[in-house]
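The values are calculated or read from the model by the stated rules, or taken from the named source; none is laboratory data. Only a predicted model underlies this, so the values are computations on that prediction, with no experimental measurement involved. When we count neighbours, we look across all protein chains shown, and the Cβ atoms used for this are built from the backbone with ideal geometry, even at glycine. Heads up: the accessible areas ignore ligands, DNA and RNA and are worked out on the full protein's heavy atoms, side chains in. Shrake-Rupley method; radii C 1.70, N 1.55, O 1.52, S 1.80 Å.
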Amino acid sequence: MKKQDAVVHFKVETSGLTANEKKVLRYLVAAAEAVGPIYVEQENSSYLGSNFYPHSASKEEILDAAGNNPKILSPYTIVERNRDGDLIAIPYHIKFKDKLEIVAKHLRSAAKITERKDFAERLYLQASALLDGNYEASDIYWLTMKPYRLDIAIGPLDKLDDRLFFKKTSYESWVGIEDKKATEKAGIIQHAIYDVKRKIFATREKADFLEKTKMRVEKTSVFSGLFARGMFTSNSLPIDPQLMEKYGIRITFFDTSLDVKFSSQHYPIYQKIFERNFQKEYPRDLLREGSFRNVHLHEIGHSLLRYKDSERRLRENFPIVDELSATIYGIKSCGSLVLKGIMTEKEIEAIMIMFVCRAFTWWLDSKRQKSVEAFAIGHAIALNHFISTGALRESEGISWPNFTKMFMAIEELSDSLERLISIGSYEDARAFIEKYGSFMVYSRFASRLKGMT
Ligand SMILES: [Zn+2]
């Protein structure tokens with residue numbers, strides 16, 4: 001596959017699958033592949049609004065048009081100019097009809113041969129949703145069906161490419177096979193965190209769905225669209241808090257892409273920016289686990305911090321605050337796990353070390369993939385906070401953490417972020433990001449990271 005197709009294949013162990021499941025898997029992968037070219041038409045990292053809006057339109061003009069026609073800011077339309085020069089909204093399923101028919105054909109082929117009735121139903125619903133633009137029935141079915149070891153997510157899902165308004169969704173897909181053992185282990189930590197009582201801001205707006213949260217660790221077979229570009233290590237769906245509250249969420253961890261990121265980025269960064277004697281205390285396996293825990297805690301954090309009105313209040317600042325607060329809140333929650341003996345102190349330290357390394361990964365990634373910029377800005381806020389509180393000391397690009405101070409800094413930061421996400425205003429978020437989000441903190445380490453991409 002060529003890079004411009006926005007498709008990434010992974011080697012995945014299929015020996016545990018039946019002959020029928022292997023055939024089904026092939027059709028699912030074909031469907032995912034067929035989504036790549038649609039994404040390629042949407043993406044454009046040189047413009048804040050990607051290709052979702054005409055590049056000649058100002059933010060004001062778009063908002064103005066949306067005042068008369070709410071479809072302009074729908075997550076599922078492309079905005080174009082008509083012959084008179086007015087802005088009009090064209091639904092995705094019409095704009096990309098020909099390409100979507102190919103995707104739907106593969107999904108239906110998989111549905112026809114699978115021996116699982118409910119999975120077949122899910123695939124038929126998904127195929128129809130892609131073609132008629134009504135995603136809800138299909139989403140609800142997926143959220144409430146009994147999980148099956150094969151899974152696919154496909155369609156216009158994440159809004160990260162719309163850095164202008166954080167409204168438009170990008171086409172993407174993944175296909176994976178459940179890793180049962182890793183899923184069970186992750187479940188233990190998740191429930192231990194959910195069991196702790198918490199204080200809650202803005203109770204009225206809080207979206208609560210913990211009992212309806214399903215979580216699994218997967219070996220991934222293919223990523224396409226925005227997933228292939230962002231090489232994400234986890235995902236949580238749906239993105240609509242109303243649906244979340246009613247039907248719960250499905251969190252998926254992509255252990256395969258985490259493997260790739262850990263060995264090509266997280267671990268090499270660790271070796272470059274941490275002091276040599278310090279490194280002796282943390283074996284590679286412990287850090288690999290620490291890296292996974294960051295992703296795991298991030299999604300746990302998300303599930304605990306959903307407020308129905310955050311997006312409306314924080315607008316395009318929302319993803320920055322949302323993505324950072326999830327990880328920080330998740331790590332903070334580990335404090336109680338150490339006290340209960342579910343996690344060791346060394347394990348938490350590995351989580352914090354990997355938080356720092358992952359910050360640099362986001363920074364490096366954001367240079368070529370603008371859709372992950374929100375993560376890079378968020379992590380810069382945390383690093384700046386660590387440096388200013390003495391939690392991370394730095395000299396010539398080499399650092400030494402002070403874990404007690406770092407945990408305190410995380411608790412402090414978590415409080416500020418929780419306030420922003422639950423009751424903060426647009427201006428509060430803007431001011432917070434401008435004050436702490438400087439990328440200078442990354443530049444201090446830049447010479448150590450030369451040649452890394
Ligand atoms: Zn997230």
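Go through (1) more than 20 Å from residue 29 (Cβ to Cβ); (2) open to solvent by 10 Å² or more (accessible area, probe 1.4 Å) and name the single condition residue 169 misses.
Single failed check for residue 169: (2).
May I ask you to verify whether residue 291 is touching a strand residue (DSSP E or B) at 6+ places or on another chain (Cβ under 6 Å) and not assigned by TED's automatic domain parsing to the domain that holds residue 15? Step through it out loud before you land on a result.
Details: touching a strand residue (DSSP E or B) at 6+ places or on another chain (Cβ under 6 Å): no; not assigned by TED's automatic domain parsing to the domain that holds residue 15: yes.
No: the conditions fail for residue 291.
Could you give every pair whose Cβ atoms fall below 6 Å, whose first residue belongs to segment 323-342 and is free of Cβ contacts under 8 Å to residues at least 24 places away in the same chain and in the same structural domain as residue 377 (by TED's automatic domain parsing), and whose second residue is in a helix (DSSP H, G or I) and within 16 Å of the ligand (Cβ to nearest atom), counting only separations of at least 6 or pairs across chains?
none
Count, please, the residues in segment 309-327 that happen to be away from the ligand (no atom under 12 Å from the Cβ) and open to solvent by less than 30 Å² (accessible area, probe 1.4 Å).
Keep residues of segment 309-327 that are away from the ligand (no atom under 12 Å from the Cβ), which gives 309-317.
Still in the running and open to solvent by less than 30 Å² (accessible area, probe 1.4 Å): 309-310, 314, 317.
Looking only at that region, the number is 4.
Select the helices (runs of 4 or more DSSP H) contained entirely in segment 220-277, then report the ones holding at least 3 residues which are within 16 Å of the ligand (Cβ to nearest atom) and within 19 Å of residue 368 (Cβ to Cβ).
Working: elements: 226-230, 241-247, 255-261, 267-273.
Ranges flagged: 226-230.
Give me the pairs, please: first residue somewhere in segment 285-301 and within 16 Å of the ligand (Cβ to nearest atom), second residue anywhere and not in a helix (DSSP H, G or I), beta-carbon distance under 7 Å, and either six or more positions apart or on two chains.
The qualifying pairs are 295/233; 295/234; 295/253; 296/253; 298/234; 299/234; 299/236; 299/251.
Quick check, is residue 292 closer than 23 Å to residue 184 by Cβ, surrounded by 20 or more Cβ atoms within 10 Å (Cβ to Cβ) and in contact with a Gly (Cβ under 8 Å, 6 or more places away or on another chain)?
Values: closer than 23 Å to residue 184 by Cβ: yes; surrounded by 20 or more Cβ atoms within 10 Å (Cβ to Cβ): yes; in contact with a Gly (Cβ under 8 Å, 6 or more places away or on another chain): no.
In short, no.
Would you be able to tell me the number of residues in segment 412-453 that are touching a Ser or Thr at 6+ places or on another chain (Cβ under 9 Å), among the hydrophobic types (A, V, I, L, M, F, W, C) and part of a helix (DSSP H, G or I)?
Within segment 412-453, residues that are touching a Ser or Thr at 6+ places or on another chain (Cβ under 9 Å), among the hydrophobic types (A, V, I, L, M, F, W, C) and part of a helix (DSSP H, G or I) number 5.
Name the helices (runs of 4 or more DSSP H) wholly inside segment 50-159 in which the number of residues that are surrounded by 19 or more Cβ atoms within 10 Å (Cβ to Cβ) is 3 or more. First the steps, then the outcome.
Working: elements: 59-68, 92-95, 97-113, 117-132, 136-144.
Of the helices (runs of 4 or more DSSP H) lying wholly inside segment 50-159, those with at least 3 residues that are surrounded by 19 or more Cβ atoms within 10 Å (Cβ to Cβ) span 97-113, 117-132, 136-144.
Would you be able to say whether some residue in segment 392-406 is farther than 25 Å from residue 272 by Cβ, open to solvent by 60 Å² or more (accessible area, probe 1.4 Å) and at pLDDT 95 or above? Give the steps one after another, and end with the answer.
Looking only at segment 392-406, we keep the residues that are farther than 25 Å from residue 272 by Cβ, and these are none.
No.
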